[in-house]
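Asker: I have a structure I would like to understand better, so I am pasting it below and will then ask my questions one at a time.
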Amino acid sequence: MIVDDRLRTPDAVRDAQRWTAHNYHPLPVVISSAEGAWLTDVDGRRYLDFLAGYSALNFGHRHPRLIAAAHAQLDRLTLTSRAFVHDQFADFCRELAELCGKDLVLPMNTGAEAVETAIKVARKWGYRVKGVPDGQATIVVAEGNFHGRTTTIVGFSTDPDAHDDFGPYTPGFRIVPYGDLDALSAAIDDTTVAVLIEPIQGEQGVVVPPEGYLPGVRRVCTERDVLLLADEIQSGLGRTGDTFACDHEGVVPDMYLLGKALGGGIVPVSAVAADADVLGVLRPGQHGSTFGGNPLACAVGTEVVRLLATGEFQHRSTELGARLHAGLHELVGEGLVAVRGRGLWAGLDIDPALMTGRQACERLAERGVLAKDTHGSTIRLAPPLVVTEAEIDEALTQLAAVLAG
């Protein structure tokens, strides 16, 4: 239904471009409301959300339990800073630690902050526990990584858009090919304090490593006295069909890096979870955040953990993900070159002779499905875990129509 005599979208897009730095290239869609897996724009047109805020909306838009938790907390207390303890803090940290099977949690706000926290903790652990000489700690990372946008993190990105023109870069990182266990092992020496890795590389196009790679990384880290830091900011919290992507191969990292879905699509919430012999190296005044672990974030985050504790959303991701991937594989050779992923998460390589990923997303949007391109002719699909079979089928139908031209 059109809600105005003329379309509002063009003016809204133009105003956004006028008043903001152009660090994003969004589709020309202006969202005004949402519910579940559906978005509605300023002109009343509805879209299926098959991006889910890069997995920040695993539980869909405005999940009733999450909205209720936020409303209740807004009426009581929203911020104290960590100078004091508030009544939501302990429950959030305890329940998240139990979900992760770890002793301790350190809450922050954004995914990049979780990664920065992990880097700092790993270095301090290396100096205080492993005995690495001061200032010499190294961390092994993978090509194609995406861990955030801070100056430290982009320094070890291999994506020119993320990396170039932001130096000088922080030293201490060694980059190896993703999925190459021999290269990773060879990069470790007595100065290495950690391996920082995504169990599935999201921004790279939902790249799943070879079978046995993650257990191999775990084994090498254990043998060489190196921390395994698993960046589950996109892949964790039900997205792949297990609570964590590492679970698929029985791998337990030394530290989980969490974010995105932890805030329920309402507030930015991130955290790292590890045992006391790792996170216990921090002392008061050595790391913190004004908003990290605030009452509103903890109230919402606790409800997120409780939603995951039942296993319902992990099960949905497994069952509905199988339906999604079966439909996508039918399109290989019909415009798709390859399909990757796990659970309700997929990377699709479109035949570059047909169109770019951007063009595919624009055409999908015209047909009422929102997705995101990356790296040329690749697009990513990550519907919220509340999506239905009928909604998956509708998205597949529209994708097939786009590929058919």
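The values are calculated or read from the model by the stated rules, or taken from the named source; none is laboratory data. All figures in this text were calculated on a predicted structure; none of them were measured in a lab. Heads up, the Cβs are rebuilt from the backbone with ideal geometry, glycines too, and the neighbour counts pull from every protein chain shown.
Asker: Being aliphatic (A, V, I, L, M) and assigned to a helix (DSSP H, G or I) is the filter; apply it to the stretch 207-228 and report the residue that is surrounded by the fewest Cβ atoms within 10 Å (Cβ to Cβ).
Answerer: Taking the candidates together, the pick is VAL220.
Asker: Here is a follow-up. I'm trying to understand the selection: among the residues of the stretch 248-279, which are under 20 Å from HIS147 (Cα atoms) and charged (D, E, K, R)?
Answerer: The answer is ASP254, LYS260.
Asker: A further question follows. Is there a residue being in contact with a strand residue (DSSP E or B) (Cβ under 8 Å, 6 or more places away or on another chain), polar (S, T, N, Q) and assigned to a loop (DSSP other than H, G, I, E, B) anywhere in the stretch 149-170?
Answerer: For the stretch 149-170, residues in contact with a strand residue (DSSP E or B) (Cβ under 8 Å, 6 or more places away or on another chain), polar (S, T, N, Q) and assigned to a loop (DSSP other than H, G, I, E, B): present.
Asker: From the list ASP161, ASP180, exactly one residue is more than 22 Å from the chain's Cα centre (by Cα) and at pLDDT 95 or above. Which is it? Don't jump to the end; show me each part of the working.
Answerer: Details: ASP161 fails: more than 22 Å from the chain's Cα centre (by Cα).
Selected residue: ASP180, the only one of ASP161, ASP180 that is more than 22 Å from the chain's Cα centre (by Cα) and at pLDDT 95 or above.
Asker: Among (1) hydrophobic (A, V, I, L, M, F, W, C); (2) in a loop (DSSP other than H, G, I, E, B); (3) within 19 Å of the chain's Cα centre (by Cα), there is one condition VAL300 misses while meeting the rest; what is its number?
Answerer: (2)
Asker: Of all residues in the stretch 229-262 being in a helix (DSSP H, G or I) and in contact with a strand residue (DSSP E or B) (Cβ under 9 Å, 6 or more places away or on another chain), which is surrounded by the fewest Cβ atoms within 10 Å (Cβ to Cβ)? Walk me through how you get there before you give the answer.
Answerer: Going through the stretch 229-262, the residues in a helix (DSSP H, G or I) turn out to be 245-249, 260-262.
Pick out the ones that are also in contact with a strand residue (DSSP E or B) (Cβ under 9 Å, 6 or more places away or on another chain) and you get 245-246, 260, 262.
Numbers: ALA245: 28, CYS246: 25, LYS260: 28, LEU262: 28.
Filtering the stretch 229-262 for residues that are in a helix (DSSP H, G or I) and in contact with a strand residue (DSSP E or B) (Cβ under 9 Å, 6 or more places away or on another chain), the one surrounded by the fewest Cβ atoms within 10 Å (Cβ to Cβ) comes out as CYS246.
Asker: For the stretch 133-178, give me the residue count where each residue is surrounded by fewer than 17 Cβ atoms within 10 Å (Cβ to Cβ), in contact (Cβ under 8 Å) with a residue 24 or more places away in the chain and either closer than 26 Å to PRO210 by Cα or not assigned by TED's automatic domain parsing to the domain that holds THR191 (or both).
Answerer: Total satisfying the criteria: 3.
Asker: Tell me which residues, restricted to the stretch 81-106, are buried (at least 16 other Cβ atoms within 10 Å of the Cβ) and either aliphatic (A, V, I, L, M) or not in a loop (DSSP other than H, G, I, E, B) (or both). Please lay out each step first, then the result.
Answerer: Here is the first cut: in the stretch 81-106, the ones buried (at least 16 other Cβ atoms within 10 Å of the Cβ) are 82, 86, 88-89, 92-93, 95-97, 99-100, 102, 104-106.
Listed by number, the residues that qualify are PHE89, PHE92, CYS93, GLU95, LEU96, ALA97, LEU99, CYS100, LEU104, VAL105, LEU106.
Asker: Looking only at residues in the stretch 298-310 that are of a type outside the set (A, V, I, L, M) and in contact (Cβ under 8 Å) with a residue 24 or more places away in the chain, which one is farthest from PRO64 (Cα to Cα)? So that I can check it myself, show each step before the final result.
Answerer: Of all residues in the stretch 298-310, those of a type outside the set (A, V, I, L, M) come to 298, 301-303, 306, 310.
Cutting the leftovers down to in contact (Cβ under 8 Å) with a residue 24 or more places away in the chain gives us 298, 301-303, 306.
On the way: CYS298: 17, GLY301: 14, THR302: 14, GLU303: 11, ARG306: 13 Å.
Step by step, filter the stretch 298-310, then rank; the result is CYS298.
Asker: Does GLU203 satisfy the criteria of being in a loop (DSSP other than H, G, I, E, B) and closer than 25 Å to GLY250 by Cβ? Let's see the steps before the verdict.
Answerer: On the way: in a loop (DSSP other than H, G, I, E, B): yes; closer than 25 Å to GLY250 by Cβ: no.
No, not satisfied.
Asker: Are any residues in the stretch 1-57 within 25 Å of the chain's Cα centre (by Cα) and among the polar types (S, T, N, Q), and if so, which ones?
Answerer: THR20, ASN23, SER32, SER33, THR40, SER55
Asker: Take the conditions among the charged types (D, E, K, R) and assigned to a loop (DSSP other than H, G, I, E, B) and apply them to GLU334. Does it pass?
Answerer: yes
Asker: Looking only at the stretch 263-278, which residues are buried (at least 24 other Cβ atoms within 10 Å of the Cβ), more than 11 Å from ALA297 (Cα to Cα) and of a type outside the set (Gly, Ala, Ser)?
Answerer: Passing the criteria: VAL272, VAL278.
Asker: Then there's this: State all residues of the stretch 305-344 that are farther than 28 Å from ASP373 by Cα and surrounded by 19 or more Cβ atoms within 10 Å (Cβ to Cβ); if no residue qualifies, say none.
Answerer: Just the residues of the stretch 305-344 that are farther than 28 Å from ASP373 by Cα, to begin with: 305-312.
Within the stretch 305-344, VAL305, LEU307, LEU308 qualify.
Asker: Right, next: Counting only residues that are among the aliphatic types (A, V, I, L, M) and in contact with a His (Cβ under 9 Å, 6 or more places away or on another chain), which one in the stretch 209-247 is nearest to ILE153 (Cα to Cα)?
Answerer: ILE233
Asker: Now a separate question. So which pairs qualify, if the first residue must be in the stretch 100-118 and in contact (Cβ under 8 Å) with a residue 12 or more places away in the chain, the second must be outside any loop (DSSP other than H, G, I, E, B) and basic (Lys, Arg), the Cβ gap must be under 9 Å, and the two must be at least 6 apart or on different chains?
Answerer: If the second residue must be outside any loop (DSSP other than H, G, I, E, B) and basic (Lys, Arg), the pairs left are VAL105/ARG94; GLY111/LYS260.
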